[in-house]
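Notes for the one structure printed next.
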Amino acid sequence: MERLEIHDLSALFSVLKQDGYQIIGPTVRESAIVCERIQSVDELPAGVTDIQRPASYRLAERHDNALFGHRLGPQSWKRYLYPPRLQLFQAARTEKGITISPPTNGGAGDLPKYAFVGVRPCELSAIGIQDMVFARGTYVDPHYSAVRARIIVIAVNCTDPGETCFCASMKTGPQTESGYDLALTEVISAGSHLFVAQSGSDVGKELLARLKAAPASAEEIQRAEDLLDRASEKMGRSVDTYRLPELLHANIDHPQWDELDERCLSCGNCTQVCPTCFCSTVEDVTNLDGTEAGRWRKWDSCFTLEFSYIHGGCVRATTKSRYRQWMTHKLASWVDQFGTFGCVGCGRCITWCPVGIDITEEARAIRAQSTLLSTSSKGEM
Amino acid sequence: MHVSITSQTMLPHQYRVQRVRQETPDTFTLELHPMSEASAIRFVPGQFNMLYLFGVGEIPISISGDPRKSPTLVHTTRAVGTVTKAMRGLRKGDILGVRGPYGSHWPIASGVGRDIVIIAGGIGLAPLRPTLYSIVADRDKYGRVILLYGSRTPIDILYRRELESWRSRFDLEIYVTVDRALKSWRGDVGVVTHLISKAPFDKQNCLAMICGPEVMMRFAVMELLKRGVPDDRIYISMERNMKCAIGLCGHCQFGSLFVCKDGPVFPYPGVKDLLSKWEI
Ligand SMILES: Cc1cc2nc3c(=O)[nH]c(=O)nc-3n(C[C@H](O)[C@H](O)[C@H](O)COP(=O)(O)OP(=O)(O)OC[C@H]3O[C@@H](n4cnc5c(N)ncnc54)[C@H](O)[C@@H]3O)c2cc1C
Ligand code: SF4
Ligand code: SF4
Ligand code: FES
């Protein structure tokens, strides 16, 4: 493992830019931390943290100058790999008939090279989950796969998880295990501010070599490990995953869904902030004289009425059926479909739900009032 | 450094309308031909295509023609909403976008040596017609072949001339019923599921394939089970909202299943539990 100081991080930014990467990283915009294109280390949210609770998010000052002492903001990296709006094709009507062709601009035409800086372990798991959806099935999303293949991931482990985090119970954090080029752990103590760096790929190794990074001392490594050991304890929430898919599949008629019918507004915020939600719809646009048409893909939400519409009515007409669809998908059917949970425990859906519905509480309530599997036996899955 | 890629998987091929036939007041059949040989589609009965109408939208429609007549594609559509109503305006020579074929198919091979029971309601006959073409072409391989078809009224009966000619054969049994009719109708009146108890087939050794409205399919399955047909001899074709047909948009989910890629044709035991629940 190597050690990087702040000036090494600046050098890393330069190297990435030299190599043609757009750096996307956390930065403060309008009272929230967002993942945006940044140019320098100065734009990272130094000394900023956030206080997150159900239906509440606010920034606060830290007592130190940590660059990654914050948690997740409302946006995930998803928007870069799976853009909210993407053109699928364009069509034109001529005297001879109709032509249909791939998009030339504003769509999948020009592919960026992204360096994601500050990817949290749960977020990296979310990317892994979307890989299963978009890049590993019978059909692949060519745009996703192409952009994905070109990214560099600089992960940052979580030493200070928040109130709405529950990655430890979903086994996606607070320390990242794979999928990164470099993984950093920020270590701050009196008079020193450094990052213990671990490479996870040849690209990462080469980056460290180009930065001429010095090896981290045994003591520095130990300090990083201690911080990560303690991180799980700071996590505000947890989900008991013991036979969870089975539990939810068996509780399609649970009274808790009726209770949710009263509270959930069906606004879809949870699906918009979730780093794994992948549903999309399509939109057809035409120019005024009807000679050109385009077809676009847009993020969608299973909370809308139209989502399940078929001639004659909506399959999921009630709010409870839609909340049930969403939560059962995340924590049960996803496992059948893709072999992993569709939830990484990032907690965004809890923070950004306007009425503070908490997926961990709902899972707990269903388990508590279920005749099946009401108690968890530890150590089994 | 700029690499150009396309979302090829969602890019339709151009097909030309060769023929339009009005089947009933609200249902029409399009015969389509690929504009380039490379985009010819080979399909198996039960599969569907996504049909794109310029600037209007794209919808899933089953392939209702004869699989041996590829590359000609036949689609029978009921005009119910924006895209289907606009499609009704297509004329010979017009161009349509087509991508496919998608989805699972009817397990016709597993019906060899057995009685075949086809149960269709309304437009549900369209995805089942290719199975009849395949079976008729290989008639000796099967036992009795029975079609039970229910339609709203006599004028809504699909493929009428074809049904009449099939009915005149000695080796096909075609039963048609309507929900309501004027006195001039001499056939059965009542729901299609009522025909199941009367139809002569070997309940232990048959293959039942059902397509129609979801309630109709539920009742049809119940009747078949009541007669003693083993549940794994029953197949149904499901319908859900579909935007991509390739397992990426999430719209067609039915429990853990994606109707577009795991279905639309499912063996009944695979969907039994889901069918009994509300708003899945
Ligand atoms: C696998 C499959 C095979 C089908 N085969 C046939 C067929 O052979 N013949 C036929 O007439 N119809 C078939 N349908 C139904 C057909 O797709 C719908 O009638 C059609 O999508 C309605 O579109 P619209 O724009 O005219 O209706 P609108 O009501 O204006 O549609 C609004 C939106 O809802 C969607 N939608 C509406 N109804 C349905 C529906 N029933 N199924 C899926 N999405 C729907 C549309 O795609 C559109 O996005 C099939 C559906 C599926 C899923
Ligand atoms: S379901 Fe909620 S906690 Fe889980 S990954 Fe999505 S937003 Fe995060
Ligand atoms: S759970 Fe909350 S965020 Fe999600 S749809 Fe319901 S009210 Fe909106
Ligand atoms: S239609 Fe898009 S996932 Fe099935």
Which of the residues that make up region A:22-39 are open to solvent by less than 40 Å² (accessible area, probe 1.4 Å) and not in a strand (DSSP E or B)? A:38
Which numbered condition in (1) more than 16 Å from ligand 2 (Cβ to nearest atom); (2) open to solvent by less than 60 Å² (accessible area, probe 1.4 Å); (3) within 14 Å of chain B (Cβ to nearest Cβ); (4) of a type outside the set (Lys, Arg) is the only one that residue A:214 fails? (3)
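Of all residues in region B:249-270 being more than 14 Å from ligand 1 (Cβ to nearest atom) and in contact (Cβ under 8 Å) with a residue 12 or more places away in the chain, which is surrounded by the fewest Cβ atoms within 10 Å (Cβ to Cβ)?
Step by step, filter region B:249-270, then rank; the result is B:269.
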State which residue is farthest from ligand 2 (Cβ to nearest atom) when the search covers only region B:227-248 and only residues that are open to solvent by 10 Å² or more (accessible area, probe 1.4 Å) and at the interface with chain A (Cβ under 7 Å from one of its Cβ atoms). B:239
Taking region A:324-360 and keeping only residues that are away from ligand 2 (no atom under 12 Å from the Cβ) and assigned to a helix (DSSP H, G or I), one is left with A:324, A:325, A:332, A:333, A:335, A:336, A:337, A:338
Some residue of region A:116-131 being in the same structural domain as residue A:76 (by TED's automatic domain parsing), at pLDDT below 95 and not in a strand (DSSP E or B): no
Could you grab the pairs with beta carbons closer than 9 Å, sequence gap of 6+ or different chains, first residue in region B:52-65 and within 10 Å of chain A (Cβ to nearest Cβ), second one open to solvent by less than 20 Å² (accessible area, probe 1.4 Å) and acidic (Asp, Glu)? B:52/B:58
Does residue A:220 satisfy the criteria of being outside any helix (DSSP H, G or I), in contact with a strand residue (DSSP E or B) (Cβ under 8 Å, 6 or more places away or on another chain) and open to solvent by less than 60 Å² (accessible area, probe 1.4 Å)? no
Just checking, how many residues over region B:45-84 are charged (D, E, K, R) and either touching a Gly at 6+ places or on another chain (Cβ under 7 Å) or within 16 Å of ligand 4 (Cβ to nearest atom) (or both)? 1
Any residue in region A:342-362 that is under 23 Å from residue A:139 (Cβ atoms) and at pLDDT 95 or above? yes
Going by what's in this entry, would residue A:302 be described as open to solvent by 40 Å² or more (accessible area, probe 1.4 Å), within 11 Å of another protein chain (Cβ to nearest Cβ) and not hydroxyl-bearing (Ser, Thr, Tyr)? no
Only one residue in A:248, A:244, A:265, A:260 is surrounded by fewer than 18 Cβ atoms within 10 Å (Cβ to Cβ) and more than 10 Å from chain B (Cβ to nearest Cβ), so which one is that? A:265
Please list, ordered by first then second residue, the pairs with beta carbon atoms under 7 Å, 6 or more apart or interchain, first in region B:196-217 and surrounded by 12 or more Cβ atoms within 10 Å (Cβ to Cβ), second of a type in the set (Lys, Arg) and in a helix (DSSP H, G or I). B:196/B:227; B:203/B:227; B:206/B:233; B:207/B:233; B:208/B:233
Subset of region A:256-308 (residues that are near ligand 3 (Cβ under 9 Å from one of its atoms), in contact (Cβ under 8 Å) with a residue 60 or more places away in the chain and more than 16 Å from the chain's Cα centre (by Cα)): A:260, A:263, A:264, A:265, A:267
Say whether the condition of being among the aliphatic types (A, V, I, L, M), open to solvent by 20 Å² or more (accessible area, probe 1.4 Å) and in contact (Cβ under 8 Å) with a residue 40 or more places away in the chain is met by at least one residue in region A:79-91. no
Out of curiosity, is residue A:70 assigned to a loop (DSSP other than H, G, I, E, B) and modelled with pLDDT under 95? no
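The values are calculated or read from the model by the stated rules, or taken from the named source; none is laboratory data. Predicted model only: the values in this text are computed from it and were never measured. Because the Cβ atoms are built from the backbone with ideal geometry, glycine has one as well, and the counts that use them run over all protein chains shown. Side chains included, ligands, DNA and RNA excluded: accessible areas come from the protein's heavy atoms. Shrake-Rupley method; radii C 1.70, N 1.55, O 1.52, S 1.80 Å.
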